[in-house]
1. Which is surrounded by 10 or more Cβ atoms within 10 Å (Cβ to Cβ) and in contact (Cβ under 8 Å) with a residue 40 or more places away in the chain, of Leu54, Leu36, Leu24?
2. Name the single residue that is nearest to Glu63 (Cα to Cα) among those in region 1-50 being of a type in the set (Gly, Ala, Ser) and over 22 Å from the mean Cα position of the chain (by Cα).
3. Is it the case that some residue within region 3-16 is touching a helix residue (DSSP H, G or I) at 6+ places or on another chain (Cβ under 6 Å), surrounded by 13 or more Cβ atoms within 10 Å (Cβ to Cβ) and assigned to a helix (DSSP H, G or I)?
4. Return the total of residues in region 29-45 being in contact with a helix residue (DSSP H, G or I) (Cβ under 6 Å, 6 or more places away or on another chain) and either of a type in the set (Ser, Thr, Tyr) or assigned to a helix (DSSP H, G or I) (or both).
5. Give the residues of region 46-66 that are part of a helix (DSSP H, G or I) and touching a helix residue (DSSP H, G or I) at 6+ places or on another chain (Cβ under 8 Å), sorted by residue number.
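Every number in this text was worked out from the coordinates using simple rules, so none of it is lab data. Just so it is clear, the structure is predicted and the values come from calculations on it, not from any experiment. Quick reminder, even Gly has a Cβ in these numbers, built from the backbone with ideal geometry, and neighbours come from all protein chains shown.
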Amino acid sequence: MNVFSRYLIRHLFLGFAAAAGLLLPLFTTFNLINELDDVSPGGYRWTQAVLVVLMTLPRTLVELSP
């Protein structure tokens with residue numbers, strides 16, 4: 001692996017990490033708000049909504065990846 005390849009990989013990774021670091025919390029917040037709309041007293045609880053959002057984080061990260 002030459003110097004240019006390492007430079008390119010490093011900058012692509014840093015760009016992806018910066019974008020994911022900014023967008024992942026934003027998308028997580030929007031997903032949580034969307035799930036909290038479905039919470040009802042006798043059925044879907046807020047803890048289940050949080051778990052659904054946490055379990056979909058890997059999918060969101062994959063969707064953000066180049």
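1. Leu24
2. Step one: list which residues in region 1-50 are of a type in the set (Gly, Ala, Ser), which gives 5, 15, 17-21, 40, 42-43, 49.
Cutting the leftovers down to over 22 Å from the mean Cα position of the chain (by Cα) gives us 5, 40, 42-43.
Values: Ser5: 25, Ser40: 30, Gly42: 33, Gly43: 30 Å.
If we take residues in region 1-50 being of a type in the set (Gly, Ala, Ser) and over 22 Å from the mean Cα position of the chain (by Cα), then Ser5 is nearest to Glu63 (Cα to Cα).
3. no
4. 4
5. Trp46, Ala49, Val50, Val52, Val53, Leu57, Thr60, Leu61, Leu64
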